[in-house]
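So the structure is just underneath, and the comments pick up after that.
Bear in mind these aren't lab numbers, they're just calculated from the coordinates by the rules spelled out. The structure presented is a predicted model; accordingly, all values stated were derived computationally and were not measured. Every residue, glycine among them, receives a Cβ derived from its backbone with ideal geometry; neighbour counts consider all protein chains shown.
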Amino acid sequence: MAMAATSTRISPLPSRRSRLTLSPIPLFRIPTTTLTTSFISFSSTSNSNNNAPQTDCPVPLEQQPINEYHSLSTSFPFSWAALDAVEYASRLLVTGTSFALLIGLPVAWFGSAGAQAEPLKRLLCAASSGLFAVTLAVVRMYLGWAYVGNRLLSATVEYEETGWYDGQIWVKTAEVLARDRLLGSFSVKPVLSRLKITLVSLATSLLVCAIILINIDGNQNLTSKEPRVRVVPGVYNDDSARLFEPDAFRDESELQ
């Protein structure tokens, strides 16, 4: 007996890859803008930390040489020395002329007797006073710039934390020392050279005025030596005294 063969179709099992395929389930979502903002803020913070000088300088800000230089270069009258040559010379000229005309000339003209008879001498005295005032100003400028220049070029910095009794010394780092010496060599030394030349010129001018005044006094003493006439240049003269007090000279005139 023949058995009828029955064909049965068995469906194939799903492959392993298809069975293991899972759909992704988002656990959380971070907005793109948040990530971008966070990255930018982190980058800027890291850059600022890298650019900040790691000097750990214990010196107070107002006592640091570079800050002293900036303060000096903008203060009066120290800023004059850092100007161009024309403006620097014009300010000194205005200062000396103003002092000579407003103070020196009135004192020389009205502060001594016989000024009308000696106008050249009074004008020289006024000019000398103006030169002396400018010399004092330039000396003050030179001392200030020399102090800052020494602190910039020095490898150590002396500073005070709270007062004169707790002075400290800080050794500059290589970076700070190179920066300060570069500034001192190319910004402070030219100013000091200009001030030295100015001081030499002013000292020479004062010496010339003094020599001229001495010669004028010597010539007046020689011409005023007359018999029986007592003269002290600029202080006393017998002729002037006789005009104001004729009774005091009556006996001398009678004797003559």
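Note on ILE211 and SER73: their simple-model spin labels are 4.0 nm apart, each label 7 Å out from Cα toward Cβ.
Can you give the extra length, in nm with one decimal, that the chain gains between ALA178 and SER240 once fully stretched, where that is 0.36 nm per residue apart less the Cα-Cα distance? List each step's numbers first, then the result.
Values: separation 62, 0.36 × 62 = 22.32 nm, distance 7.15 nm.
Going from the current span to full extension adds 15.2 nm.
Put simply, when 83-96, 184-197 are sorted by average Cβ atoms within 10 angstrom per residue, most first, you get 184-197, 83-96.
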